[in-house]
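Everything below concerns the one structure shown next.
The values are calculated or read from the model by the stated rules, or taken from the named source; none is laboratory data. These numbers were taken from a predicted model, which means no experiment stands behind them. Because the Cβ atoms are built from the backbone with ideal geometry, glycine has one as well, and the counts that use them run over all protein chains shown. What goes into the accessible areas is simple: the full protein's heavy atoms, side chains included, and nothing from ligands, DNA or RNA. Shrake-Rupley method; radii C 1.70, N 1.55, O 1.52, S 1.80 Å.
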Amino acid sequence: MSHASTTALAPPVAQRPGARLSVVAAGGVAVGLFAAVRLTGMAVLALTAWAGGRHPLTLLGRSWDAAWYLGIAAHGYGRTLYFGPGIVHSDLAFFPLYPALIRTLTAVTPLSGAGAGLLLSWTAAAVAAGGIYAVGARLHGRAVGTALVLLWGLLPHSVVLSMAYTEPVLTAFAAWSLYAVLAGNWLWAGSLAVLAGLSRPNGFAVAAAVLLAAAAEIRRSRGRVTHRLWTGAALAPLGWSAYVLWVGLRTGDALGGYFGVQRLWGSRFDFGRGSLAVVRTLLLRGDRFVFPMALVIVAAAVVLFALLALDRAPLPLLAHTAVLLLIALGGSGFFESKPRFLLPAFPLLLPLARALVRTARARPWHATVVVTALAGLSFGYGTYLVVYAQTPL
């Protein structure tokens, strides 16, 4: 089947009549496999943390950005830290959906803020795995869908999927929104894009994918489309835009206020100048292990995007991934966090998932060695990031 398309929609892989139940079961297997690899990674992390006299749930639930989200959930917005001239960290940089969900969950359950955050992230990661499987299976069959989920769960930075961070939440909305676009369910696509836009700054990538896919479909159909497409496209950017505008009004600069907050954090879009400066520093005098590893991962993401484009992936997947990659490459500040920013860019793994399936069918032992090596890297590096590295995730 060719996946070349200038349209937004991609037909599903052919299925036998009455096979829907088996499709759901196959998706359940993929999610179960994802849960198994992430639980194994958490077990490795927990044993290492306990050996060093630290509590693993504290590390997973209260480290770095998680502490900011917990503060917003408990007290609302208003926290600002001053580190020196031009370095001001305001909690307005953090989008509102995740802390709102934490606050709601702590109000109706006996869970602490950190416990609620972890439960939300773990649940969202499982939902995201289901959506990733659905996208991969629709395009290339169940085996590729399962391999796609497995590879996503074994990324070097996949430990973040087990932390009280927003990447699992964004990926869940992104995966199912993209699936809805591929299936032509525009209202679902737009509604999920709204929630993605309320989750993280780079959640706008989901809205961009929906809008570009809708524009392509309108052009293909010469304007003869349903009101559902127009409504879904109109909804898609509202979540992200609403929060950016709210921060702007709160800071007194309606259009530029949010971006001013980000600049004071050291995050701004400078067309890659900041990223190039970090790369130059790494190449000329070296740095800690986290930074070279981030450089390798980002470089690999660029190569994978080229492969995805050469494979003529459907437009919404290309658009979503391109925007995430553009934000990661073009934004300055927190270079070590760029691999985390790319976790929602799961379509990048499609070429690898297809290759893994081909290898598994031709040489099962080779595929086993590859998966084992990826698992060792993921578990070891994830544990290092959380337990030992003194670098923001």
Result of the Cβ filter at 7 Å on region 209-225, keeping first residues that are buried (at least 20 other Cβ atoms within 10 Å of the Cβ) and partners that are polar (S, T, N, Q), at least 6 apart or interchain, is Val210/Ser177; Glu217/Thr7
Requiring at least 3 residues that are β-branched (Val, Ile, Thr), open to solvent by 40 Å² or more (accessible area, probe 1.4 Å) and within 20 Å of Ala137 (Cα to Cα), the helices (runs of 4 or more DSSP H) wholly within region 336-393 are none
Quiz item: Is there a residue being within 21 Å of Arg62 (Cα to Cα), within 11 Å of the chain's Cα centre (by Cα), in a helix (DSSP H, G or I) and of a type outside the set (Asp, Glu) anywhere in region 143-156?
Solution: no
Flagged pairs (Cβ under 6 angstrom, 6 or more apart or on separate chains; first in region 156-185, farther than 23 Å from Ala36 by Cβ; second of a type in the set (Phe, Trp, Tyr) and modelled with pLDDT of 95 or more) are Thr166/Tyr98; Ala180/Trp188
When every residue in region 1-29 that is of a type in the set (A, V, I, L, M, F, W, C) and over 26 Å from Val210 (Cα atoms) is compared, the one modelled with the highest pLDDT is Val29
Pairing a residue in region 58-84 that is farther than 23 Å from Leu385 by Cβ with any residue that is among the aromatic types (Phe, Trp, Tyr) and buried (at least 17 other Cβ atoms within 10 Å of the Cβ), where Cβ atoms lie under 7 Å and the two sit 6 or more apart in sequence or on different chains, gives Ile72/Phe94
Discussion item. For region 248-256, check the following and say yes or no: at least one residue is in a helix (DSSP H, G or I), among the charged types (D, E, K, R) and without any contact (Cβ under 8 Å) to a residue 60 or more places away in the chain.
Written reply: no
Notebook entry, point to check: Quick check, is Val160 at pLDDT 95 or above, under 19 Å from Gly380 (Cα atoms) and either more than 12 Å from the chain's Cα centre (by Cα) or part of a helix (DSSP H, G or I) (or both)?
Noted result: yes
When (1) closer than 23 Å to Gly333 by Cβ; (2) modelled with pLDDT under 95 are applied to Gly52, the one that fails is (1)
| Test: Leu343 is touching a residue at least 60 places away in the same chain (Cβ under 8 Å) and not small (Gly, Ala, Ser) | yes
Practice prompt. Kindly indicate whether any position in region 323-330 is open to solvent by less than 10 Å² (accessible area, probe 1.4 Å), more than 28 Å from Ala126 (Cβ to Cβ) and assigned to a helix (DSSP H, G or I).
Written response: yes
